[in-house]
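Colleague: Encoded as structure tokens, here's the structure I'll be asking about.
The values are calculated or read from the model by the stated rules, or taken from the named source; none is laboratory data. In this text, all values refer to a predicted model and were calculated from it rather than measured experimentally. Here the Cβ positions follow ideal geometry from the backbone for every residue, glycine too, while neighbour counts run over all protein chains shown. Side chains are part of the model used for accessible areas, which takes the heavy atoms of the whole protein and leaves out ligands, DNA and RNA. Shrake-Rupley method; radii C 1.70, N 1.55, O 1.52, S 1.80 Å.
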Amino acid sequence: MLAKSEVLRLKLTEAIKDDVDVFDRVMASYAMPKGSDEEKLARSTEIQAALKVATDVPLECARLCREVINLSQPIAEKGNNNVISDAGVAVLAGYAGLRSAALNVYINIGGIKDREFADDRRQQLETLLDGMDKLKEEIYELVKSKL
């Protein structure tokens with residue numbers, strides 16, 4: 001479990017960097033010139049491409065956060081009771097990250113004109129979110145019961 005949590009920590013740390021980079025790309029695309037028709041087309045094309053990446057990055061972050069939540073369960077069940085509150089903190093942090101990433105996915109798919117892409121990413125996100133409210137509460141209550 002320690003090895004899995006370390007891999008997740010490294011991936012999530014990299015996801016933060018990726019999110020900053022893609023945000024910068026989106027902002028740069030909106031700042032592109034739009035004086036001529038060619039410039040407008042180039043700007044629109046780049047905005048759409050950047051928004052797709054800006055959707056996929058937090059979607060991957062959401063996947064990783066779901067893994068954190070899932071990993072918290074066996075830790076809460078079998079972990080050392082002297083530090084069991086760490087499992088509760090992990091599930092809450094993973095859940096907060098999941099929901100935060102979801103908001104970023106939702107905002108970015110709202111600007112994507114490719115409805116097939118947007119609908120696919122929305123469905124992937126909904127699948128990731130499914131059952132997480134309940135699981136988060138179950139793990140939290142399990143941890144609380146051991147305090």
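Colleague: Per residue, how much accessible area does the chain show when a 1.4 Å probe rolls over the protein heavy atoms, in square angstrom? Before the final figure, lay out each step's value.
Modeller: Numbers: 8720 Å² over 147 residues.
That works out to 59 Å² per residue.
Colleague: Also: Taking only DSSP H segments of four or more residues, each worth -39500 (n - 2.57), what value at 222 nm results for the chain once the sum is divided by all its residues, to the nearest 500 deg cm²/dmol? The partial results should precede the final answer.
Modeller: Working: 5 runs with 125 residues, N = 147.
For the chain, the value works out to -30000 deg cm²/dmol.
Colleague: Shifting gears a bit: For the range 37-118, compute the orientation-averaged projected area of the C-alpha convex hull (one quarter of its surface), in nm². Intermediate values should be presented prior to the final figure.
Modeller: Numbers: hull surface 24.0 nm².
Directional mean of the projected Cα hull area for the range 37-118 stands at 6.0 nm².
Colleague: Still on this structure, I have one more. Here are a few candidate values for Rg and Dmax of the Cα atoms in Å: [x] 14.6, 45; [y] 18.3, 62; [z] 18.7, 66. Which one was actually calculated from the structure I just gave you?
Modeller: Here Rg and Dmax of the Cα atoms in Å agrees with entry [z].
Colleague: Compute the FRET efficiency between Ala49 and Lys17 as 1/(1 + (r/R0)^6), taking r as their Cβ-Cβ distance and R0 = 25 Å, and round to the nearest 0.05.
Modeller: On the way: r = 19 Å, r/R0 = 0.78.
Computed FRET efficiency for Ala49 and Lys17: 0.80.
Colleague: Please tell me the relative contact order of the chain in percent, rounded to the nearest whole number, where contacts are Cα pairs under 8 Å and at least six residues apart. Intermediate results must be reported in sequence, preceding the final value.
Modeller: Values: 149 pairs, mean separation 39.7, N = 147.
Here the relative contact order equals 27 percent.
Colleague: Probe radius 1.4 Å, ligands and nucleic acids ignored: give me the carbon and sulfur share of the accessible area of the chain as a rounded percent. Before the final figure, lay out the partial values.
Modeller: Details: 5040 of 8720 Å².
Of all accessible area on the chain, carbon and sulfur atoms account for 58 percent.
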